[in-house]
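The values are calculated or read from the model by the stated rules, or taken from the named source; none is laboratory data. Please read these numbers as outputs of a predicted model, since none were measured by experiment. Note that each Cβ is placed from the backbone with ideal geometry, even for glycine, and that neighbours are counted across all protein chains shown. Heavy atoms of the whole protein, side chains included, go into the accessibility calculation; ligands, DNA and RNA do not. Shrake-Rupley method; radii C 1.70, N 1.55, O 1.52, S 1.80 Å.
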Amino acid sequence: MTTSQSPAPLAGVRVLELGNYIAAPTAGRLLADFGAEVIKVERPGTGDELRNWRLYAGTTSLLFRTINRNKLSIELDLRSAFGRRTVIELVKQCDVVLENFRPGTLENWGIGPQVLSEANPELVITRISAFGQTGPMSDRPGFAAVAEAHGGFRDLVGHPDRPPARVGISIGDSIAGLYAGFGSVMALYQRDARRTAGLGPAPLTERVIDVALNESMLSMMESLIPDYEAYDVLRERIGGRMEGIAPSNAYLCADGDSIIIAGNGDRIFQRLTTLIGRPDLAADPELRTNAGRWARRDELDEAIGAWTGGLPAAQAIEQLEAAGVPCGPIYTAREITRDAQYAARDMIQRFDVSNGEEVLPNVGFPGIVPVIGGKSLPVRTLGPDLGEHTQQVLGGLLGLSAEEIDGVHDLEEAS
């Protein structure tokens, strides 16, 4: 666990985040959570558009405060000559640049990888885009919804008699952000290994981490491709089930709540069917293997649903747990914030937070994953106000005076 004697794992790493929305900022959040100094560059006046997403009140959403925690915010117009010069000067003192603009945007602004690498030959440049920096689709714009569909994910979400559904979060952006964070740390490890070996900086091609949203989703699709290539199997939407695994589903209880039961292990299935009063299913030779249970999944779900339908959710879970059958409630935000397990690991951390118009007291925010030392590391700060650290960063790192910084911003606003 991080203490005053033990610095955070990424302490000493400085990151310049040029991205907006969710993907690159998620990568920046991960690096910041574990000690990196992340400088988030935002458009003067308006900032990252995420500030206005799910804005229930005020001028800054709690979505922005969450994804941009532990960061510094500076205002900088990347399209201006001052913005270009400032970025080039900043990367001389940074280890990583994160960006998720449409491919070619940084190059058009005069701050593409070649220019940035000339300023800092060891710089790691992590780029996130819809379809990657190369290939026939590389120049296409696209949000996570498009990439989730292109990567095969969307086709499997929902029920077979309805159009594909979307999960309730921007999962494509978040997974791409995870890969971008991992890729950045991997490249930093390579940099340090080369230093130890007495080698020079890695070639630019090895320091550009190219993360595509559609490929990030494809990488999550398990055996989707080899199953098709080898057996001509095209998986289909199956609702709350998982292909080839039974019984495992959500089951409605007497009080109107649903619970998850995963009775798909061979021995677990025996315990489950005994518990629900169906020894005939336990004794059936066709149901001793998962393949047989999958073939009769409707019958099994009906039997389990008949049992859960006679009990309130809490009582059903109590009996399932006593029998050693994996199960659990289906939580909303309400249950998560009251859960003893999350509390024990500091996974809900509370802050007084401003929405831009008022301060909301004692609001819970998710903790830091993965855990080090038994509990979440503490969230140091929530997502910053727009430009909150402009003077601190440009003055402290580049030696610019407040008059110089304000003068440039006044000129940009006038133009």
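Test Ala322 against the criterion of being within 22 Å of Tyr251 (Cβ to Cβ) and loosely packed, with under 13 Cβ neighbours inside 10 Å, and give yes or no.
Answer is yes for this residue.
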(request) Name the residue, out of Val369, Val359, that is under 30 Å from Ser248 (Cβ atoms) and open to solvent by 60 Å² or more (accessible area, probe 1.4 Å). (result) Val369
(message) What pairs come out if I take residues in region 317-333 that are at negative phi and pair them with residues that are among the basic types (Lys, Arg) whose C-beta lies under 6 Å away, six or more apart or interchain?
(response) Ala323/Arg271; Val325/Arg271
(message) Take the residues in region 191-245 that are touching a residue at least 12 places away in the same chain (Cβ under 8 Å) and part of a strand (DSSP E or B); name whichever of them is surrounded by the fewest Cβ atoms within 10 Å (Cβ to Cβ).
(response) Ile245
(request) Can you give me the number of residues within region 31-47 that are in contact with a strand residue (DSSP E or B) (Cβ under 9 Å, 6 or more places away or on another chain), in contact (Cβ under 8 Å) with a residue 60 or more places away in the chain and farther than 18 Å from Leu397 by Cβ? (result) 4
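Those residues that are assigned to a loop (DSSP other than H, G, I, E, B) and either on the phi > 0 side of the Ramachandran plot or in contact (Cβ under 8 Å) with a residue 40 or more places away in the chain (or both), I need them from region 268-278; list them, please.
Result: Gly277, single match.
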(message) If Leu377 satisfies all but one of (1) in contact (Cβ under 8 Å) with a residue 12 or more places away in the chain; (2) touching a Leu at 6+ places or on another chain (Cβ under 9 Å); (3) part of a loop (DSSP other than H, G, I, E, B); (4) open to solvent by less than 80 Å² (accessible area, probe 1.4 Å), what's the number of the condition it fails?
(response) (2)
(request) Determine which member of the set Leu394, Leu382 is farther than 24 Å from Leu78 by Cβ, open to solvent by less than 60 Å² (accessible area, probe 1.4 Å) and touching a residue at least 12 places away in the same chain (Cβ under 8 Å). (result) Leu382
(request) Taking Phe143 as the residue in question, decide whether it is under 15 Å from the mean Cα position of the chain (by Cα) and hydrophobic (A, V, I, L, M, F, W, C). (result) yes
(request) Spot the failing condition for Gln93; the list is (1) open to solvent by 60 Å² or more (accessible area, probe 1.4 Å); (2) more than 18 Å from Asn20 (Cα to Cα); (3) out of contact with any helix residue (DSSP H, G or I) (no Cβ under 6 Å at 6 or more places or on another chain), and only one is missed. (result) (3)
(message) Give me the residue from region 284-319 that is open to solvent by less than 30 Å² (accessible area, probe 1.4 Å) and among the charged types (D, E, K, R) and, out of that set, farthest from the chain's Cα centre (by Cα).
(response) Arg293
(message) Cβ contacts < 8 Å: first residue closer than 15 Å to Tyr331 by Cα, restricted to region 252-267; second residue surrounded by fewer than 13 Cβ atoms within 10 Å (Cβ to Cβ) and hydrophobic (A, V, I, L, M, F, W, C), any location; separation 6+ or different chain. Result?
(response) Asp257/Ile330; Ser258/Ile330; Ile259/Ile330; Ile260/Ile330
(request) Identify the residue in region 248-276 that is in contact with a Phe, Trp or Tyr (Cβ under 7 Å, 6 or more places away or on another chain) and modelled with pLDDT of 95 or more and, among all such residues, is surrounded by the most Cβ atoms within 10 Å (Cβ to Cβ). (result) Ile261
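Conditions tested, residue by residue: (1) assigned to a helix (DSSP H, G or I); (2) open to solvent by less than 10 Å² (accessible area, probe 1.4 Å); (3) farther than 18 Å from Trp109 by Cα.
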site: Pro7; (1), (2), (3): no, no, yes
site: Ala11; (1), (2), (3): no, no, yes
site: Asn20; (1), (2), (3): no, no, no
site: Arg29; (1), (2), (3): yes, no, yes
site: Ala32; (1), (2), (3): yes, yes, yes
site: Ile39; (1), (2), (3): no, yes, yes
site: Thr46; (1), (2), (3): no, no, yes
site: Leu50; (1), (2), (3): yes, yes, yes
(message) Can you find a residue that is touching a Leu at 6+ places or on another chain (Cβ under 8 Å) and either surrounded by 12 or more Cβ atoms within 10 Å (Cβ to Cβ) or modelled with pLDDT of 95 or more (or both) anywhere in region 332-349?
(response) no
(request) Give region 147-184 a look and list any residue that's free of Cβ contacts under 8 Å to residues at least 40 places away in the same chain and either open to solvent by less than 20 Å² (accessible area, probe 1.4 Å) or closer than 23 Å to Leu106 by Cβ (or both), or say none. (result) Phe182
